[in-house]
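Inspection log for the structure reproduced underneath, given as structure tokens.
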Amino acid sequence: MIGIDLVKVDRIRNLIDRFGDRGLRRFLLDSEISIAKRVETIAGFWATKEAVSKAIGTGIGKDCSFQDIEIYKDSRNAPKVKLSQSLKERFNIEDVAVAITHDGDYAIAVATVIKR
């Protein structure tokens, strides 16, 4: 299954300006906040979590929350995703791959979810 999401960077900038860290914690884990220093990266993380949830087939909501999806960087600084155990079991997920980019006003992410 494939999911994609596009977000305007200013939307995330406005969220940060209005709510600060409290706004970030609505969709990011502390580990993600520590590696996302720029608003473009934060927007990419938002798009990634949305893309993963769409690839699962639920979108963000009661079946898949922002906190069920953790983004981290590997040794080459490439983005990787770790899913909660309950999410993996509920939807029989074997693996997830993501790609994130941003340019100018937008960040975009694509996710592929492989089910058992």
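The values are calculated or read from the model by the stated rules, or taken from the named source; none is laboratory data. Fair warning: this is a prediction, and the values are worked out from it, not measured in the lab. Cβ placement follows ideal geometry from the backbone for every residue including glycine, while neighbour counts extend to all protein chains displayed.
Numbers below:
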item	result
Enumeration of residues in segment 75-85 that are closer than 23 Å to Lys115 by Cβ and of a type in the set (D, E, K, R)	Lys80, Lys82
Single residue of segment 53-90 satisfying the filter (among the acidic types (Asp, Glu) and either assigned to a loop (DSSP other than H, G, I, E, B) or touching a Gly at 6+ places or on another chain (Cβ under 8 Å) (or both)) that is surrounded by the fewest Cβ atoms within 10 Å (Cβ to Cβ)	Asp74
Residue identified as without any contact (Cβ under 8 Å) to a residue 60 or more places away in the chain, in contact with a strand residue (DSSP E or B) (Cβ under 7 Å, 6 or more places away or on another chain) and aliphatic (A, V, I, L, M) among Ile35, Ile42, Ile60	Ile35
Near pairs, Cβ below 7 angstrom, 6+ apart or cross-chain, from segment 80-94 (small (Gly, Ala, Ser)) to any residue that is modelled with pLDDT of 95 or more and surrounded by 10 or more Cβ atoms within 10 Å (Cβ to Cβ)	Ser84/Asp68
